[in-house]
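S.K.: To start, I am sharing the structure in question, which I have written as structure tokens.
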Amino acid sequence: MHVSRAESGGDPVGSRPAGAGPRSWYEASARQRLDLLLDPGSFAEFLAPPDRVVSPHLALFDLPHQFDDGIAVGRGRLGGRDVLVAAQEGRFMGGAFGEVHGAKLTGLVKAARDLASTPVLILFDTGGVRLQEANAGELAIAEIMRAVIEARAAGVPVVGLIGGRAGCYGGGGLIAACCSALVISEQGRIAVSGPEVIETNRGVEEFDSRDRALVWRTMGGKHRRLIGAAGTFVDDAVAAFRAAAIECIGENGAIDAAVLAAEQERLDTRVQRFGTMEDGLDIWAALGIPDPKSVPGMPAETFIPLADQFGVNGHDAR
Amino acid sequence: MTLADLLASLFPSGHDIHVDKGVLVGSARLPDGSDALVLGVTDHAPIGVDEAIVLAKAVMDSIDRGTGPILVLVDSGSQRMSKRDELLGLNEYLSHLAKALILADLKGRPTIGILYGHSAAGAFLATALATRVLVAIPGAEPAVMDLPSMSRVTKLPIEVLEEKAKSTAVFAPGLDNLAKTGAVYAVWGDRTSLDRQLGALLAAMPDTVDRRGALGKERGGRTLAADIAARVRHAGLSGARD
């Protein structure tokens, strides 16, 4: 198995108390996130639900389509600044990329590239390629990656926000790594091969996908922040994502050979420092964190200063 | 096609390419006498963090210093599926390679992918699909997802999937299906030597505009994507606020 909506895994990694309400990023739908993230009432959707731009491919598999194919794209304001924004709905087909879903994001990023000034926000919530439309989904991801680099080469910040149910898996993880900045919460997970994919292909000895703590230590938000894979860690709250996103769209998103050379150095160093380690706990200990075992249970307000002190700075060099 | 056959047919004027554990890096003399950077994957090797960083370094070292095209020869597996690779952040390594190839292309080093065997998923995105132009050798067998795996996830028998695959190019493995979606720019013939076909391509390289959406529409394998992307792009450009 390669990339599929099954990659996102079933159970949430972090658990929220029941009734945490829509202020939780994790619990919110894509449209609730947009409403609460952007300046009030500012979101104007492109190809809105009444247009019914849906997937024509799901009927072949006797699956229902959805009015927006699992992604809302449009324009809004964030902290008074015009932004282009896309939000994936992890509860429809695991937020996976099909032909229509992918094309909406491709068009949005190309608009940002051509405007050359308006930042882009991508609210990831995806298991990767939608396998019922695997060829179209894979190619859409390739087109989006290219458009993101073209937009950034024109100086546009492209900011990814990750903290949804489906995580950010498969090709979604590759697009995320093309962004100029990433904001992640504890519940956010980034990986190419999800836990079930590794287990199916390599066996339970390689990766036990039912061991949720292992999933969390390997691809969860805290680990990604500590190794510098994501620059900003936030609490699972829409307000926290909003504050971080406002900061990130104000930063320089441009990419050039110097940025890539710095990334090469950053990634090379990571393999050299941590490449022989077996577990996230070993890496956190190597970073100098006094009591690595305490990290999983740590509330955000304790973890953030710890990560700032001991974590790799992943904000630049991407 | 074996790597040795591929290299012999592509570079009769000579090459200096080294293969190490499935990763190949080097240079080759082109039909017009200039040199190209050549990198890629062979023997269905998966691409993990170690392979991706070596390949990206070859591009990065060449990006400012070198001239001429960059050829990416692909016969890979999928991304390496392992705990170690994901622990280290494989998505960043694969994207780093793709970013290096895309940026090199934008900076005037035309990138050409040559798919001569298998490729899949994250490995495909990081290599062949990150080039300006992807050509395929007859017999190439890309598969975003193989039917047995798809059968497991969709809970549909393989025979049912094979039947469905006849009516749409959108999900089934194989070169023809992928070409119809616009991913493959051209499939080279086997009657003319590859160096001549490469020479012809280099002499008529398209510009850096990504036309894979338009190709998919033209070939009928991805009929909606180009128009939907264009509509969203237009909406984004036309409604800009002051």
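S.K.: From Cα pairs below 8 angstrom and at least 6 apart in sequence, can you work out the relative contact order of the stretch A:25-168, rounded to a whole percent?
M.R.: Relative CO of the stretch A:25-168 lands at 24 percent.
S.K.: So how far, in whole Å, is the C-alpha centre of the stretch A:258-281 from the one of the stretch A:212-233?
M.R.: That distance is 14 Å.
S.K.: Still on this structure: Extending each Cα 7 Å along its Cβ direction at residue B:16 and residue A:208, get the distance between those two points in nm, one decimal.
M.R.: 5.2 nm
S.K.: Then there is this: If I build a Gaussian network model for chain A, linking alpha-carbon pairs within less than 10 angstrom, which residue out of A:108, A:63, A:121 has the largest mean-square fluctuation?
M.R.: A:63
S.K.: What helices in chain B pass both tests, a Cα length along the helix axis of 18 Å or more and a mean Kyte hydropathy of 1.0 or higher, using whole DSSP H runs?
M.R.: Span-like helices in chain B: B:49-63.
S.K.: When chain A is modelled as a GNM with alpha-carbon springs shorter than 10 Å, which of A:182, A:105, A:214 fluctuates the most?
M.R.: Greatest mean-square fluctuation among the candidates belongs to A:214.
S.K.: Too long at a 20 Å Cα-Cα cut-off: which of A:110/B:217; A:104/B:166; B:166/B:217; A:222/B:83; B:21/B:99; A:110/A:222?
M.R.: From A:110/B:217; A:104/B:166; B:166/B:217; A:222/B:83; B:21/B:99; A:110/A:222, over 20 Å: A:104/B:166; B:21/B:99; A:110/A:222.
S.K.: In addition: If I model a spin label as a point 7 Å beyond the Cα along the Cα-Cβ vector, how far apart are those points for residue B:191 and residue B:162 in nm?
M.R.: The two pseudo-label positions are separated by 3.1 nm.
S.K.: Then there is this: Which one of A:188, A:239, A:139 has its Cα pushed farthest toward the positive end of the charge dipole of the stretch A:5-310, where Lys and Arg give +1 and Asp and Glu give -1 at the Cβ?
M.R.: Positive-most Cα among the choices belongs to A:239.
S.K.: Once the other residues with Cβ under 11 Å from the Cβ of residue B:64 are scored (Lys, Arg +1; Asp, Glu -1), what is the net sum?
M.R.: Net charge in that neighbourhood comes out at +1.
S.K.: What dipole magnitude, in Debye to the nearest 20, does the stretch A:5-310 give about its Cα centre under +1 on Lys/Arg Cβ and -1 on Asp/Glu Cβ?
M.R.: Result for the stretch A:5-310 is approximately 480 debye, rounded to the nearest 20.
S.K.: What is chain A's relative contact order, in percent, from Cα pairs under 8 angstrom and six or more apart in sequence?
M.R.: Computed value for chain A: 18 percent relative contact order.
S.K.: So what is the relative contact order for the stretch A:88-185, in percent, with contacts set as C-alpha pairs under 8 Å and at least six apart?
M.R.: Here the relative contact order equals 35 percent.
S.K.: Now for a different question. Could you go through the stretch B:182-189 in sequence order and give the Karplus-derived ³J(HN,Hα) for each residue, using 6.51 cos²θ - 1.76 cosθ + 1.60 with θ = phi - 60°, rounded to whole Hz, and x for Gly and Pro?
M.R.: 3J(HN,Hα) across the stretch B:182-189, in whole Hz: x, 5, 9, 6, 7, 9, 6, x.
S.K.: Also: Applying 1/(1 + (r/R0)^6) with R0 = 25 Å to the Cβ-Cβ distance of residue A:67 and residue B:230, what FRET efficiency is obtained, to the nearest 0.05?
M.R.: After rounding to 0.05, the efficiency reads 0.75.
S.K.: Work from the charge dipole of the stretch B:147-242 (Cβ charges, +1 for Lys and Arg, -1 for Asp and Glu, about the Cα centre) and give the residue of B:204, B:174, B:150 farthest towards its positive end.
M.R.: The one lying farthest along the dipole's positive direction is B:150.
S.K.: What's the longest piece of chain A with no exposed GluC sites (Glu not before Pro), counting a site as exposed if DSSP puts it in a loop and it has at most 11 other beta carbons within 10 Å?
M.R.: A:1-204
S.K.: Report the antiparallel proportion of the DSSP beta bridges in the protein assembly as shown as a percent, rounded to a multiple of 5.
M.R.: So the antiparallel bridges amount to about 40 percent of the total.
S.K.: While we're looking at this one, here's another question. Specify which residue in the list B:94, A:304, A:36 is farthest towards the positive end of the charge dipole of the protein assembly as shown, using unit charges on the beta carbon of Lys, Arg (+1) and Asp, Glu (-1), about the Cα centre.
M.R.: A:36
S.K.: While we're looking at this one, here's another question. Which residue fluctuates the most in chain B, going by a Gaussian network model with Cα springs under 10 Å, if the choices are B:130, B:56, B:225?
M.R.: Among B:130, B:56, B:225, the largest GNM mean-square fluctuation belongs to B:225.
S.K.: Do any chymotrypsin sites (Phe, Trp or Tyr not before Pro) in the stretch B:111-217 lie in a DSSP loop with no more than 16 other beta carbon atoms within 10 Å, and if so, which?
M.R.: Taking the stretch B:111-217 and a limit of 16 other Cβ atoms within 10 Å, no loop chymotrypsin sites (Phe, Trp or Tyr not before Pro) are found.
S.K.: What's the ranking of B:85-94, B:226-235 by average number of surrounding C-beta atoms within 10 Å, highest first?
M.R.: The peptides rank, most packed first, as B:85-94, B:226-235.
Any read-out appearing in this document is the output of simple, stated calculations on the displayed coordinates, not a laboratory observation. Note that the coordinates shown come from a computational prediction; the quantities given were computed from them, not determined experimentally. In this analysis, Cβ positions are derived from the backbone assuming ideal geometry, glycine residues included, and neighbour counts consider all displayed protein chains.
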